[in-house]
């Protein structure tokens, strides 16, 4: 290999390194993973993940996108509930108000206590993050005076769509594959949710 060729290879390598660093900086600034670098698996993943059956791993990869959709949806619904009630109550401390049914408060306190007793890090300091998807629906129904009309037009439609979403959530949350029809139903029901707010 000639000296000129070696210099070109070095220059190519340096250019690639600079581009990779620029992409990493841009990804960090904008909070996105550009996928230009291989992810670094943890030691546990390196040792144990390959031992799982390939079919199970393929199923997990296929289910990951459904989980991502539902995670985004549920998180956005929690934010909508929180912001709407906070605005109505004119306080961030709305959880203690009469807007939250006592049964939901009791269940949430029980979940927090179980988590603390288990000695694990609390998932959140926000009680709303301890509500189930069904309880989010109950919160909307119990506060229809602030959710109806301005955000949603039909209480029955909200109940129906949230019940469908809750049914679709179960296999995703409990690591069961979604049937092809249910994948389509999930896509349509997510669309229905956003159509409720048009």
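Can you name the residue in the range 188-198 that is without any contact (Cβ under 8 Å) to a residue 40 or more places away in the chain and assigned to a helix (DSSP H, G or I) and is also farthest from the chain's Cα centre (by Cα) among such residues?
Residue satisfying both the conditions and the ranking: 195.
For the range 174-186, residues that are in a helix (DSSP H, G or I) and touching a helix residue (DSSP H, G or I) at 6+ places or on another chain (Cβ under 8 Å) total 4.
Rule-based calculations on the coordinates, nothing more; no lab input. Just so it is clear, the structure is predicted and the values come from calculations on it, not from any experiment. Please note: Cβ atoms are built from the backbone with ideal geometry, for glycine as well, and neighbour counts cover all protein chains shown.
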